[in-house]
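Structure record follows, encoded as structure tokens.
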Amino acid sequence: VLELLRGVQRGSEDRKRSLSHLRWALQNKDTQQKFVRLDGSIRTLIGLFTSSLADMQMEAARCLHELSHSSDPAVAEACLPVTSYLLTYLSGHSVEFTELCLYTLGNLVVESEAVRKQLLPQGIIPVLASCIQSPHEAVLEGLGYLLSQFLQAKEAPTEIIPLVLDSVLPQHMLRLVCSGLKAGIGASLEFAWCLHYIICSHTANAALLSLGALPALTSLLLNLASEIPQDTPEGLELLVCPVLRCLSNLLAEETGCEVQIQDERLLIALFLILQCFLQQHPFIAQECLWLLNNLTADKPFFCSALFSLDLLPALLQLLPCSQMASVLVLTVLCNIAEKGPAYCQQLHQQPALPLLLPTLMLPDPEVVGQCLELLHLLFLHWPEAAADFVRQGGHQALEQHQSTPELQERARALLDMVGPPLGASAFSPCHTMLSAFS
């Protein structure tokens, strides 16, 4: 390493070759640590990085990029003197050079709070706001990567996101995300995650809603779903995931948002996405169900649409997919049942009860607990469902949970509601233990 550094410093004819060899050597973790401890090593790279020789400048940039991959914060902090130059070179030079600077900065901010603290007063946010208007896909993708690393920092909610919100970045991010596949899936994906991190900070939702985030993201999801029946582009599921999360989180945080997206096509899009990705990418099912839960939680519009579009059978088929899917499906069904007798009557008319009985036999207390909650709502609003439940052998299914500590109160409450087993006495609903569900 020392010999390579001397070769670079001597300025001989084979300096470029020494620099190239150094770049390859810096892919090794031990070499990275040894290099930054050598006197004048970073200063030499900075000199070449800021030189007027384009080929030397590019090789030095590649060396710095290799160093930025180090997981050792000491290596990242040794690179602190180069950050101002990296920022300067984000405006101008070749696309490849700008892209390299963006990824180098992105790697450095992951590992070092000191780097992040230095970049903010150096004006990184205004520089990024300028870069986001670049017409080059590679630059936009690199910018999205750098910004996503910044937005995941522990100090992001208080120190970084307010600066981002005061810039033009949010509106351009939203535009690029909603351009979907037209802008290139890489850039759209990076900025979708950026929006997700901003939304999760709980400080920016009003600003994003004022920019029309809900209708824009809804429209994007409809467009993505429309791509599915023809020819699903590779990596589409990766973009769908943060878009679903953004919509879910916006709905969870803001009251009245559902009024802005009363569009039945959103449900069709969700089930198309589920059908397409369930087998190969089961994590998408959880994201779709989270959004469906938030859509059905308050207003009855989407609850009614599930029935009018005959989507309930498809929802019920997801019950056995996974533990999380079971809980979320049952939660959506509870959202529907909470809307009152008319909704519970429609649930009863669907093949819900026969599917709930096997669910009650599962060993998972969380799944069974959510199932008991659903049965409580059904029996409360539509007593005919309780009678049907007993006829199908539900009494025995409830009895087995009387000895499970976290379930026994709710199981006993339901047993009181449905009355004794068939043949023991007449069915007589009892509401004395409903407080178990409050």
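The values are calculated or read from the model by the stated rules, or taken from the named source; none is laboratory data. Since the model is a prediction, treat every value here as computed from it, not as a measurement. Backbone-built Cβ (ideal geometry, glycine too); neighbour counts: all protein chains shown. Remember, those area values only see protein heavy atoms, side chains included, never the ligands or the DNA or RNA. Shrake-Rupley method; radii C 1.70, N 1.55, O 1.52, S 1.80 Å.
Our estimate of slack between SER84 and LEU120, defined as 0.36 nm per intervening residue step minus the Cα-Cα distance, is 11.9 nm. Under 5 Å between amide hydrogens, built in the peptide plane, is the criterion, and for GLN400 it picks out nothing among residues at least 5 positions away or on other chains. When the helices of the chain are scored as -39500 (n - 2.57) per DSSP H run of n ≥ 4 and the total is divided over every residue, the value at 222 nm lands at -20500 deg cm²/dmol. Amide H contacts for GLN392 (H built 1.01 Å from N in the peptide plane; partners 5 or more residues away or on another chain; cut-off under 5 Å): none found. Distance from the alpha carbon centroid of the range 124-187 to that of the range 355-372 works out to 44 angstrom. Here the simple spin-label model places points 7 Å from the Cα toward Cβ, and for LEU2 and GLU77 these points are separated by 2.5 nm. Cross-link reach is defined here as a Cα-Cα straight distance under 24 Å, omitting same-chain residues fewer than 8 places apart; for LYS117 the lysines meeting it are LYS154.
Within the accessible surface of the range 1-89, defined with a 1.4 Å probe on protein heavy atoms only, the carbon and sulfur portion equals 48 percent. Whole-Hz Karplus values for the range 157-172 come out as x, 9, 10, 9, 4, x, 5, 4, 5, 7, 9, 8, 4, x, 5, 6 Hz, taken residue by residue from phi with 6.51 cos²θ - 1.76 cosθ + 1.60 and θ = phi - 60°; glycine and proline positions read x.
The mean accessible area for residues of the chain, using a 1.4 Å probe and ignoring ligands and nucleic acids, is 43 Å² per residue. The protection proxy used here, the mean number of other Cβ atoms lying within 10 Å of each residue, ranks peptides 266-275, 82-91 as follows, highest first: 266-275, 82-91. Accessible area of LYS299 (1.4 Å probe, protein heavy atoms only, ligands and nucleic acids ignored): about 100 Å².
Classify the range 1-89 from the C-alpha gyration tensor, please: rounded if a/c falls under 1.5, else prolate or oblate depending on whether a/b exceeds b/c. It is oblate, given that a/c is not under 1.5 and a/b is not larger than b/c. Shown in residue order for the range 35-41 are the 3J(HN,Hα) couplings computed by the Karplus curve 6.51 cos²θ - 1.76 cosθ + 1.60 at θ = phi - 60°: 4, 5, 7, 6, 4, x, 5 Hz (x for Gly and Pro). From most to least packed by mean Cβ count within 10 Å, the peptides 343-349, 1-7 give 343-349, 1-7.
Reported to the nearest whole Å, the Cα centre-to-centre distance from the range 277-319 to the range 31-104 is 48.
Bridging of LYS29 to lysines at a Cα separation below 24 Å is possible for LYS16, once same-chain residues fewer than 8 apart are set aside. For P(r) over Cα pairs in 10 Å bins from 0, in percent, computed directly from the structure shown, the correct entry in [x] 4, 20, 31, 26, 14, 5, 1, 0; [y] 4, 18, 21, 18, 15, 11, 7, 4, 1, 0, 0; [z] 4, 18, 24, 21, 13, 9, 6, 3, 1, 0 is [y]. For GLY123, nonlocal amide neighbours, meaning residues 5 or more places apart or on other chains whose placed amide H falls under 5 Å from its own, do not occur. With both labels modelled 7 Å from their Cα along Cα-to-Cβ, the LEU38 to LEU309 distance reads 6.2 nm. Couplings 3J(HN,Hα) for the range 342-356, derived from phi with the Karplus relation 6.51 cos²θ - 1.76 cosθ + 1.60 (θ = phi - 60°), are 4, 6, 5, 4, 5, 5, 5, 6, 7, x, 7, 4, x, 7, 6 Hz, where x marks Gly and Pro.
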